[in-house]
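Visitor: Take a look at the following structure, please.
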Ligand SMILES: OC[C@H]1O[C@](O)(CO)[C@@H](O)[C@@H]1O
């Protein structure tokens, strides 16, 4: 995510020696556990909020409404601001802590940020597992959110810095893959824990988050610090020795010198935020804001957070609802792996456009299915089995479309288009905007389901149309383009070329016009 070049096989035109050694592979697997805690959390909350015993204990009014006669409006059974606050409070906390974490990560190192992430997450999981009242749930989730903010800030950075440049693209998507695995594990656990007699299974679901949290906590203690971070903090000799160990070769001079140069270059940038406002960074700023907004406006988290609630709403029983979430979770993992395979072969634009069209079609069909069955008053009568199967199938195809497009590319594309001088600032914007919109979708979903009814799916479908058109016209292909040469894609672009300015060695600024026009001095 943050920092570094993520395009496998391209790098900066240089061929740094080094392999995907066992050492680096194991290191990255442990570090990727940071994604697991994020995913576990995304996956666990929906299942828990559909468990009767949990609702009865903490949200009795929602529980009563849900148990009421079938003739009441199905769309509004779960509409409760407190219930959504339970899910979404975490993302506000994550947003705040990711801002703090960026300083910790830079000044004190990636390991320490991961350690904080693991410890905070552990504490949150413990409080949630033992919760006796709603406030304990919310406090627990805020702690989990703080933990996720730290982990999401440091882990992707760590991965990209440890990985040999040829494998950065794949490893970057590895982070998203571990998020999806976390979601799936949570869905599977919910399925089994919900069956525990006595109705205390939700405690295991929520407390179970301690397991991935302990792994990343212990992991952060044994993991090596990245050479980049050591250089950043003036530990040059140690950094060089570490780089040799990580790459498994002794000839690391070229890469080491480049790391030192990159660190120097980023140190002299005094105002990364102000830099970002320069005209020549308009495309980058646009992408840093729009890509995470669009990723969340696909509506994916409606499925990820609330799949069991949603399936229950459309008439599934509790067990079938949790099982369906397991199915969508599996599709998510498999389809994310497809993008690891295809991203550098088929390109980003192809995946975005194909995934977008696939999502759009499914959203329209799901809206039609639900509209036909529930109408506007939300009263389904009997739901035939084949009907439910069709809906689940459509949702799976939608999830697959997301998982090989906006899911991983929402992180990968921003990370590969930012030049070093704006990278940290642009990346913070990307992460924060993602969290804000994750929060917004989580917070308003149940109210939207209640008011927009089947139109909820059309609401997100509308944004999928907008984002697909946006990609078609405004996102240049970045496949196999070294980051240092990325400026070419903007200069060649029909729209963005007009923003491309260059600073000459003598300090004057030129604006290059497309179509061979003469340079115009300003
Ligand atoms: O796999 C789905 C998950 O991926 C994310 O978009 C993060 O990239 C989450 O917001 C979502 O829950």
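Visitor: Could you run through the range 466-497 and say how many residues are surrounded by 15 or more Cβ atoms within 10 Å (Cβ to Cβ) and within 17 Å of residue 406 (Cα to Cα)?
Guide: Residues meeting the conditions: 9.
Visitor: Also, quick follow-up: Among the candidates 138, 183, single out the residue that is crowded, with 22+ Cβ neighbours inside 10 Å and either within 14 Å of the ligand (Cβ to nearest atom) or outside any loop (DSSP other than H, G, I, E, B) (or both).
Guide: Residue meeting the stated conditions: 183.
Visitor: All but one of (1) within 22 Å of residue 178 (Cβ to Cβ); (2) in contact with a strand residue (DSSP E or B) (Cβ under 9 Å, 6 or more places away or on another chain) hold for residue 292; which doesn't?
Guide: (2)
Visitor: Another one. Those residues that are without any contact (Cβ under 8 Å) to a residue 24 or more places away in the chain and assigned to a helix (DSSP H, G or I), I need them from the range 12-54; list them, please.
Guide: Of everything in the range 12-54, those that are without any contact (Cβ under 8 Å) to a residue 24 or more places away in the chain and assigned to a helix (DSSP H, G or I) turn out to be 22, 25, 26, 29.
Visitor: Here is a further query. Restricting to the range 404-421, count the residues that are crowded, with 23+ Cβ neighbours inside 10 Å and farther than 22 Å from residue 468 by Cβ.
Guide: Of the residues in the range 404-421, 1 are crowded, with 23+ Cβ neighbours inside 10 Å and farther than 22 Å from residue 468 by Cβ.
Visitor: Turning to a different aspect of this structure: Could you count how many residues in the range 108-128 are surrounded by 19 or more Cβ atoms within 10 Å (Cβ to Cβ) and either farther than 12 Å from residue 37 by Cα or within 20 Å of the chain's Cα centre (by Cα) (or both)?
Guide: The number of residues fulfilling the criteria is 13.
Visitor: Does residue 16 qualify as being within 25 Å of residue 174 (Cα to Cα) and modelled with pLDDT under 85?
Guide: So residue 16 fits the description; yes.
Visitor: Do we find a residue being touching a residue at least 24 places away in the same chain (Cβ under 8 Å) and closer than 29 Å to residue 266 by Cα anywhere in the range 454-471?
Guide: no
Visitor: Further question: One residue is enough: does the range 450-473 have a residue meeting the conditions more than 16 Å from the ligand (Cβ to nearest atom), more than 30 Å from residue 93 (Cα to Cα) and not in a helix (DSSP H, G or I)?
Guide: yes
Visitor: Would you pick out the residues in the range 358-370 that are at pLDDT below 85 and surrounded by fewer than 17 Cβ atoms within 10 Å (Cβ to Cβ)?
Guide: Selection gives nothing.
The values are calculated or read from the model by the stated rules, or taken from the named source; none is laboratory data. Everything quoted here is computed from the prediction, not taken from an experiment. When we count neighbours, we look across all protein chains shown, and the Cβ atoms used for this are built from the backbone with ideal geometry, even at glycine.
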